[in-house]
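Written out below as structure tokens is the structure these notes cover.
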């Protein structure tokens, strides 16, 4: 069960600035001297799409009333309504303050071409003018799932199952959603790369870390609408809030099979996160496949063969757990 979040947060600007710095730092530190084209290729972000041949893109669909709440749906070229079809939701990274669904468009293309309905979506971001908690972001995923179910009923897609995947902050949200929320569609598997899994101070204090572990306090305060001092945070007073954001503490034997990827040279997220979460899942009797990329940082951009392996493994999960 997840901690019940409030829907907004109006804490110090320092907290928001720190999270924004985390987002900017991830790009600068991970890119190094590689060209953008090389990074995109190594990450698999250069997936092509031939509209009407590979499938159909339903772009910029609203999934909730009011501003924001847009998604893209990629439909496979051959969608068989005679079976229970699966949909994979992809959540972008950006430290909960930046990013758009376009960051995950390549994944929608890739898995629609493999025969699955794929969705990228814009969840509500935490900004200085409109601060929100991670609970609001998870609510947005719920809304998107409900809208896909409505579209499925309306258009005859016969969607009966889902998976959720994400990168960095999107990976953390994907894992929280998969492990800790009631679902209107059964979650058959989850996939995350370079995802934060634990917001205790000690989890952000690792060799080579670029940021002070104090960023964990800042993220927890912003992410839950709290205002813990450093003393309170480190003494245990914030334990419920910390655990509410940490996928590591949401693991139960009913968690879905999970695919993980981490870079051994990541200075934004502790590379040990993958091993720690995989171990927790396996102890609970849950399948956990972990791919470690030895030459890569946070962008996972320096181990092309292992990136391909990650996507092949995700497709394997889909075949095995969706049943086609």
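Just so you know, all these numbers are worked out from the coordinates, no wet-lab data involved. Just so we're clear, the structure is a prediction, and the values are computed from it rather than from any experiment. Note: ideal-geometry Cβ built from the backbone for every residue, glycine included; neighbour counts use all protein chains shown.
Structure notes:
- Spatial separation of Cα centroids for segment 186-208 and segment 93-152, in angstrom: 19
- Ellipticity at 222 nm from helices only: DSSP H runs of n ≥ 4 in the chain, each -39500 (n - 2.57), divided by the residue count, give -12000 deg cm²/dmol.
- Length added when fully stretched, residue 130-residue 205, from 0.36 nm per residue minus Cα-Cα: 24.0 nm
- Distance between the 7 Å Cα→Cβ label points at residue 114 and residue 61: 2.1 nm.
- Put in line by how crowded their Cβ is, counting other Cβ atoms within 10 Å and starting with the fewest, 275, 110, 280 read 275, 280, 110.
- The value for segment 13-322 of Rg(Cα) / (2.2 N^0.38 Å) is 0.95.
- Along its principal axes, segment 158-311 has C-alpha extents of 48, 38, 27 angstrom, given from the largest down.
- Degrees between helix 134-155 axis and first principal axis of the chain (Cα, 0 to 90, nearest 10): 10
- Using a Förster distance of 45 Å, the FRET efficiency for residue 231-residue 292 (Cβ separation, nearest 0.05): 0.80
- Residues 262, 177, 321, ranked from the fewest to the most other C-beta atoms within 10 Å, line up as 321, 177, 262.
- The chain: most fluctuating residue of 115, 66, 225 per GNM, C-alpha cutoff 10 Å: 66
- Whole-number D in µm² s⁻¹ for segment 82-239, Kirkwood Cα-pair radius fed into Stokes-Einstein, 25 °C, 0.890 mPa s: 146
- The value given for segment 76-156 is a Kirkwood hydrodynamic radius of 13.9 Å, derived from the mean inverse Cα-Cα separation.
- For 239, 272, the sequence from fewest to most other C-beta atoms within 10 Å is 239, 272.
- Highest-MSF residue in the chain out of 94, 37, 69 [GNM, Cα springs under 10 Å]: 37
- Put a dot 7 Å past the Cα of residue 46, heading toward its Cβ, do the same for residue 309, and the two dots end up 2.2 nm apart.
- Considering only 255, 59, 144, the mean-square fluctuation computed in a Gaussian network model of the chain, springs between alpha carbons under 10 angstrom, is largest for 59.
- Rounded, prolate or oblate (a/c below 1.5 giving rounded, otherwise prolate when a/b exceeds b/c) for segment 253-315 by Cα gyration tensor: oblate
- Nearest-ten-degree value, helix 13-31 long axis tilted from longest Cα axis of the chain: 60
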